[in-house]
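Working notes for the structure below.
The values are calculated or read from the model by the stated rules, or taken from the named source; none is laboratory data. In this text, all values refer to a predicted model and were calculated from it rather than measured experimentally. Cβ sites come from the backbone with ideal geometry, for glycine too, and all protein chains shown count toward neighbours. Accessible surface is based on the protein model in full, side chains and every heavy atom, while ligands, DNA and RNA are left aside. Shrake-Rupley method; radii C 1.70, N 1.55, O 1.52, S 1.80 Å.
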Amino acid sequence: MRIYRIAISFFLFLLPWYGRTQSAIPEIKLSALFREGSIHLYDERYFVTPPVSLHDTIQLVFNLSNDLGKDTTIYYFEGLNEWVQLTAIPLNDSCPSMRKISGRNFYGRIPYEWIYFPCQSINIKSGARYQCAITYKGPAYRKASKSIYLLTGQWYQKDLRISGRFHATNFMITDIFLGAIVFGFFFFFFLYFKSRYPLFGLYSLFLFVQALYGFIQIDVYTILGHFLIYHYNWDDYVNEVLAFIGQAVYVRFLISWLGIKSTNRSVYKVFNSISIFFLVYAVSIFLLYKIDSQNTFIETLESSVRLITVLFQLWVFYLLLFKIKSDVKSYVITGTLLMVFFGIVLVILNMQNAFENTIFADFDNGSWYMLGVLSESVCFAMGLGLRYFHIKQENIQLQAENMKVLQGKLATEQEARERERMLAGLNQELTNQQLTALRAQMNPHFIFNALNSIQKYIMTGDVDEANSYLSKFSKLQRMILSYCDEDFITLDKEINMLQLYLELEQLRLTDDFTFAIEVDDDIDPEEIQIPPMMLQPFTENAIWHGLVPKKGIKKLSINFFMPKHDVLKCIVEDNGVGRAAAGKNKAEKLMDSTLNKSKGLSLVYNRLAILERKYGTEFSVDIRDKMDTNQNALGTVVELTIPVSD
């Protein structure tokens, strides 16, 4: 220790670059410090050599003596500098030497409260005299701080409270900012996810970048913030990178929102160039910092780009006023003006201490910027809401026009089918006329129900579901039209038609039930011939009278097997409410004359009777209830026996 003290004393004694002798070193007495409360050390009296630039390493030397007659603790405020070293060599042998190293790159070694109010304590015994040297350097490419003070304990506590209030105020603003921006991000991302409208995607991306900026402002409370603090100066340039990535996305958002690309190509080229410039600058800052974080060119570049950005914003404002036409332009101009006012004007005033001794004294530059972004975002959200309203109105109008066209086409097709059936009836036997007429009645019955479902989706604005339903419905109608003039079709065609019908009913009921169709391995569906549309009414009856009124899991199963080589059996089984409950529900509905009465089952029975008379074969239908041991309904089973022909 003695050797160490001698070496330090010798070093301080020589100090050839200090330009002064020990006798010329100014002395600070604790009695003077306690009278003033604080002493500013960034003063030419304490300079070893006056610094040419604040980018240089600053060196201060002074003698410190305790003339208070008691042991005393004082503090020195070191500012947000990168590296600070205090060396104190006693001028009397009764005191120990002191050496402390701290700064922004020593956050892991200092108390939590010093992160935003960095101070170090010095304990001085009564009558002790020290020769003190403070050496410090600014953070990375930033200039060193002039805020180097000696403080009494009382002033330290007072300044600590002021700093705590200052940061609490700005954390509160940051929390409000983050809450609003994050909500806006999820809201517009949801709109983008549902509509796939690129404008909402761009705006949600812009809000996401702004949210990241906000998270960095509350760094000590976040995982990202801890990473930035322990990798000093990262928050400086990450802020810069995020800010200009956000500006690049913002310009792309304006291009899309105002429709600039399609309405004014020359203005589009200007906006596109600005967006690319911002993005290239953000990447450049990132790379420069990674290559040489100490290079002062970074600070020069930042200042130059800020000036260019202001000029760009003035140019963009001119284009918005005189070159761009849009029904949402007023929202863009208002939001831009608010951003300029809060993010530029008030920040400049704050840097000039214009708000000192006012209620806004605790607002830092970041808070003013966030208030600007928040005000701008509110204006943009209102404008986007108007745009979304216009889109909804356009979609509703388009849906109405499509519905009219669809209804016209369906009416024309139905008239054509009626004429065809009338002509066919003149050339067929009476039995064939009756059979075709009964089969044809099922088509408008099902079409009416399907159109009601399509109309419901369109009226509720669910265009995706309406399109999906219409596509399946069109395919089913083509199949029905193809088979309506045939007495028999193959079993695989009947199953395909039945599968498509059940999928349509699932869409109508928003997947309220599940179904399964199983065919025995001994059956070749392409070889078996059965009457078309024979099973659909039974499945429809099971769904609407058995499953729909039921609570809980709803299942429908359809099984095909051949007990004999010329007989096909089909089992339609559901786990619905049973015939007794279904009959009660049906009776209540029939009391309302405005409800349509289903004729599907009666048409099937009539068709079966005509087929029996025409072909001399027996078709049978057996319907029975499923019951548990307490005679509670477990569903309904329909067994249909169909003679088959190869």
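The test for being modelled with pLDDT of 85 or more, open to solvent by 60 Å² or more (accessible area, probe 1.4 Å) and within 47 Å of the chain's Cα centre (by Cα) does not hold for Thr510.
Is it fair to say Leu476 is touching a helix residue (DSSP H, G or I) at 6+ places or on another chain (Cβ under 9 Å) and closer than 18 Å to Ser557 by Cα? No: the conditions fail for Leu476.
The residues of segment 495-535 that are within 30 Å of Thr617 (Cα to Cα) and assigned to a helix (DSSP H, G or I), listed by number, are Ile495, Asn496, Met497, Leu498, Gln499, Leu500, Tyr501, Leu502. Only one entry of Glu394, Glu376 meets the criterion of being of a type in the set (D, E, K, R) and open to solvent by 50 Å² or more (accessible area, probe 1.4 Å), and that entry is Glu394. What's the number of the condition Ala516 fails, among (1) in contact with a Phe, Trp or Tyr (Cβ under 9 Å, 6 or more places away or on another chain); (2) under 29 Å from Asn452 (Cα atoms); (3) loosely packed, with under 13 Cβ neighbours inside 10 Å? Tallying (1) in contact with a Phe, Trp or Tyr (Cβ under 9 Å, 6 or more places away or on another chain); (2) under 29 Å from Asn452 (Cα atoms); (3) loosely packed, with under 13 Cβ neighbours inside 10 Å, Ala516 fails exactly one: (1).
Of the residues Leu481, Leu498, the single one that is out of contact with any Phe, Trp or Tyr (no Cβ under 8 Å at 6 or more places or on another chain), at pLDDT 80 or above and not aromatic (Phe, Trp, Tyr) is Leu498.
Every test in (1) open to solvent by 40 Å² or more (accessible area, probe 1.4 Å); (2) closer than 30 Å to Glu415 by Cβ; (3) outside any loop (DSSP other than H, G, I, E, B); (4) in contact (Cβ under 8 Å) with a residue 12 or more places away in the chain is passed by Asn467 save one, and that test is (4). Among the residues of segment 50-68, is any within 59 Å of the chain's Cα centre (by Cα), among the small types (Gly, Ala, Ser) and farther than 18 Å from Leu151 by Cβ? Checked segment 50-68: at least one residue is within 59 Å of the chain's Cα centre (by Cα), among the small types (Gly, Ala, Ser) and farther than 18 Å from Leu151 by Cβ.
Residues in segment 362-373 that are part of a helix (DSSP H, G or I) and either surrounded by fewer than 20 Cβ atoms within 10 Å (Cβ to Cβ) or in contact (Cβ under 8 Å) with a residue 40 or more places away in the chain (or both): Asn365, Gly366, Ser367, Met370, Leu371, Val373. Per the conditions (1) open to solvent by 40 Å² or more (accessible area, probe 1.4 Å); (2) among the charged types (D, E, K, R); (3) part of a helix (DSSP H, G or I); (4) closer than 29 Å to Arg607 by Cβ, the sole criterion not satisfied by Glu486 is (3). Checking Thr336, Thr436, Thr431 one by one, the residue that is farther than 30 Å from Val463 by Cα, surrounded by 15 or more Cβ atoms within 10 Å (Cβ to Cβ) and either of a type in the set (Phe, Trp, Tyr) or at pLDDT below 80 (or both) is Thr436 and no other. Taking Leu15 as the residue in question, decide whether it is open to solvent by less than 30 Å² (accessible area, probe 1.4 Å) and modelled with pLDDT of 90 or more. So Leu15 does not fit the description; no.
Count of segment 537-556 residues, restricted to those that are free of Cβ contacts under 8 Å to residues at least 40 places away in the same chain and assigned to a loop (DSSP other than H, G, I, E, B), is 6.
Residues of segment 123-178 that are polar (S, T, N, Q), part of a strand (DSSP E or B) and surrounded by 17 or more Cβ atoms within 10 Å (Cβ to Cβ): Gln131 alone. The condition of being within 28 Å of Leu507 (Cβ to Cβ), open to solvent by 30 Å² or more (accessible area, probe 1.4 Å) and either among the acidic types (Asp, Glu) or at pLDDT 75 or above (or both) holds for only one of Lys569, Lys555, that being Lys555.
Scanning segment 28-43 for residues that are farther than 10 Å from Leu151 by Cβ, assigned to a strand (DSSP E or B) and touching a residue at least 60 places away in the same chain (Cβ under 8 Å) turns up Ile28, His40.
Here Ile308 does not fit the description of being modelled with pLDDT under 85, out of contact with any Leu (no Cβ under 9 Å at 6 or more places or on another chain) and within 30 Å of Ile162 (Cα to Cα).
Please verify whether Lys290 is surrounded by fewer than 16 Cβ atoms within 10 Å (Cβ to Cβ), closer than 30 Å to Lys329 by Cα, modelled with pLDDT under 90 and of a type in the set (D, E, K, R), treating the condition exactly as stated. Considered against the rule, which asks whether it is surrounded by fewer than 16 Cβ atoms within 10 Å (Cβ to Cβ), closer than 30 Å to Lys329 by Cα, modelled with pLDDT under 90 and of a type in the set (D, E, K, R), Lys290 comes out as no. Every condition in (1) modelled with pLDDT under 75; (2) in a helix (DSSP H, G or I); (3) touching a helix residue (DSSP H, G or I) at 6+ places or on another chain (Cβ under 9 Å) holds for Glu588 except the one numbered (3). For the criterion of being open to solvent by less than 60 Å² (accessible area, probe 1.4 Å), within 25 Å of Thr309 (Cα to Cα) and either assigned to a helix (DSSP H, G or I) or modelled with pLDDT under 85 (or both), Ile229 fails.
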